[in-house]
Structures are given as C-alpha cells and as structure tokens.
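To keep things clear, I will list the structure first and then write my remarks on it.
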Amino acid sequence: MTGSAGLIGSEAVRHFAGLGMHVAGVDNDLRRYFFGPDGSTAWNRHLLITSLASAYTHFNVDIRDRAALAKIFKRYGRDISLVVHAAAQPSHDWAVREPFTDFDVNAVGTLNVLENTRLHAPSAAFIFCSTNKVYGDTPNRLPLTEHETRYELEPEHPSYNGIDEQMTVDATMHSLFGVAKLAADVMVQEYGRYFGMMTACFRGGTLTGPGHSAAELHGFLAYLMRCVMEGRIYNLYGYKGKMVRDAIHSHDVLRAFEAFYRNPRQGEVYNLGGGRFANVSHIEAFALAEKITGKPAKVNYQEQNRLGDHQWYISDMKKFRKHYPEWAPSYDIPAIMTEIYEANVDKWLE
C-alpha cells in the first residue's frame, strides 16, 4: 500500500490485514509538508504499527525514490498479490505552489510504482486512486438549475444519475493537479493494455471517513465538520455554497477494491463515489453539521470560485456495479458525518 497512513491507504491496510494478508505500507508523511500539522498522518501510522503488529510492515519511503521502492518490491517479489497506490499530492490549489513537486509525486511516482510492479509482481492486481478532476471542469457545462440549497440537473437529463466514464477529458481546465493525475491515470490504463497487467483506475469524488487528516486544502466533509466542532472559520469559495459533491465512505471504497482484487480486469476505469445515494451541497453539509454538533458554523464566503472547481459532481457507478453486482454503498451523508463527529469528538470539540 502506498500512502498507507492516509485515509484510503490506512483503511486498505486494516481491510486486507483483516483478510489475513501481510501488508507492507509505504508512507513518509509528505502530507504534513503539503498541509502542515493538520494534514499529518503520523498519528495514523502509529496506530497501524501498534495495532496490527506483525501483520503490517511500515516503510518510511518516498514514492519518488526509485531505488528505495525497488528494494521493497524485490524483498516481497512475486508474493505480492495486490498493490493499492493511494499516495498522492491531493490538492489542486496546492499544486500551483510547486508544479514540479506535484507532477513528480502524482505522475512520476505512479510510474515508479507501476514499473516496479511490472518487474517484480506482474500478476498482482493494481489499484490506482485516481480522481474526478481528470474530467477537468467539463461537468460545469451541464445545464444546471439553481435551487434553494443546491445546483441540480433536471431528472430527465441523461446525466441526472451521475457522470459516467464516457465524459471527455479533452478541451477543459483540469488544474495542474488534474493534469498530473490524468497522466498517471492513462499510464495505469496503458500498463493494463500494453503489458496485460490487471489494473484499475478508480476516479474518486469525495472519499471520506473518520480516518481523514482533514486540512483546509483537502478533506471537504471531514474538514467542514472539524471547523464546526472547533469553532474555526470555514472559507467557502463561490457558487453561493450550492455546489454539490457526492461522497463515499472509506469502508465502501475498500469493499469496492476488494471486489476488484478478487476478480481483476485489465486496464479498467471506474468512477467512484456516493452517486445519488450520498451527495450534498456545502449549504446542506453546514446545516447537517450544525444539527449533529449543536454548534453554529462560522463561514467566510468569498464570491470567486476556485479555478476548475466543480459546480456539480455526482458519480455514475453503473459500470462498476455491472462488473461487480454484489457491491453497493452502505453509508449515506448523515451516517458519514455522524461517524466523523463521533470518532473525533475527543480531539476536535471545542
């Protein structure tokens, strides 16, 4: 697992260790460099090491370090049956600060993990945590209508149930982060098609859960809940707070990953999110956070939206559910936000 102390990486470690597998984790807490103390995953790394004992081996390695990665892959070799690549620089705002760092981590780092998998464990299933930002701001061309608390599509529109994998990735503003992730996404597909490897790109919407090291630049629902709990001011950018996101709990993400692992395919691409089952606008999320916490949200609204930001994004997962019909999401938005609150009440409640 790369990014093994992050939200999805740590959930993957626990999930597959729970299936009786030995898990090797690669994570050097670069998230702290990106987002400061709020974003650090050191606490999660400590929990993994102490709670899983011999079922987990941690490597404090940067995925940009090819030689160090090669040593890890050589150590385990063809015993590796699954690679989950969840390490990333995950913020399109941060990417503008250091474009070289962003591309080296997100694109080149992915190539490093892919090539080591091909050389040392070519039969392993390879799961890549991609992003819906590969579609750029094309979703904003949808004919949205404004409602009291959200923007929405009319029910008769073909994309009402969500955006599918056929949406174009061309002629759109991706952000530098989106470009780097798209380069990685296409590379993962190519290793599947060109080398016959079992690869899948999961293009995630809002992936969330109580294990998120929530920071302002990354971690929408968890950070929003943290702000309300701690009495922090939440900076809200544009679209009147009515932009819509679908959200999927990390537990449901890992159930999807396990389904792919047990029946892998070559060069697949899947959108990954809560779909119509679990989606929310910022206005709606604030109201729900206030209801759960009993505290008022403090919001600093700024008229200008972030460049390339999605005004409305709901994932259509019909392709994945066709391939893996046994999977279905289990956490809706109230359940997700309540669990984030309950898991962090001792840390965040002011």
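For region 21-35, the candidate set comprises residues that are without any contact (Cβ under 8 Å) to a residue 60 or more places away in the chain and out of contact with any helix residue (DSSP H, G or I) (no Cβ under 7 Å at 6 or more places or on another chain); within that set, the residue that is surrounded by the fewest Cβ atoms within 10 Å (Cβ to Cβ) is Tyr33.
When Gly18 is tested against the conditions (1) more than 26 Å from Ile340 (Cβ to Cβ); (2) small (Gly, Ala, Ser); (3) free of Cβ contacts under 8 Å to residues at least 24 places away in the same chain, the lone failure is (1). The selection criterion, being surrounded by fewer than 16 Cβ atoms within 10 Å (Cβ to Cβ), free of Cβ contacts under 8 Å to residues at least 60 places away in the same chain and touching a Ser or Thr at 6+ places or on another chain (Cβ under 9 Å), holds for Arg141. Name the residues in region 215-226 that are among the hydrophobic types (A, V, I, L, M, F, W, C), in contact with a Phe, Trp or Tyr (Cβ under 8 Å, 6 or more places away or on another chain) and either buried (at least 23 other Cβ atoms within 10 Å of the Cβ) or modelled with pLDDT of 95 or more (or both), would you? Within region 215-226, Leu224, Met225 meet the criteria. Restricting the search to region 286-341, which residues are under 16 Å from Met225 (Cα atoms), among the aliphatic types (A, V, I, L, M) and under 19 Å from the mean Cα position of the chain (by Cα)? Residues satisfying the conditions are Ile333, Ala335, Ile336, Met337, Ile340. Restricted to strands (runs of 3 or more DSSP E) entirely inside region 262-350, no element has at least 3 residues that are among the aliphatic types (A, V, I, L, M). Among residues of region 95-137 being over 15 Å from Gly6 (Cβ atoms) and among the aromatic types (Phe, Trp, Tyr), the one that is surrounded by the fewest Cβ atoms within 10 Å (Cβ to Cβ) is Phe100.
The values are calculated or read from the model by the stated rules, or taken from the named source; none is laboratory data. From a predicted model like this one, the values you see are computed outputs, not experimental measurements. Glycine gets a Cβ as well: all are built from the backbone with ideal geometry, and neighbour counts include every protein chain shown.
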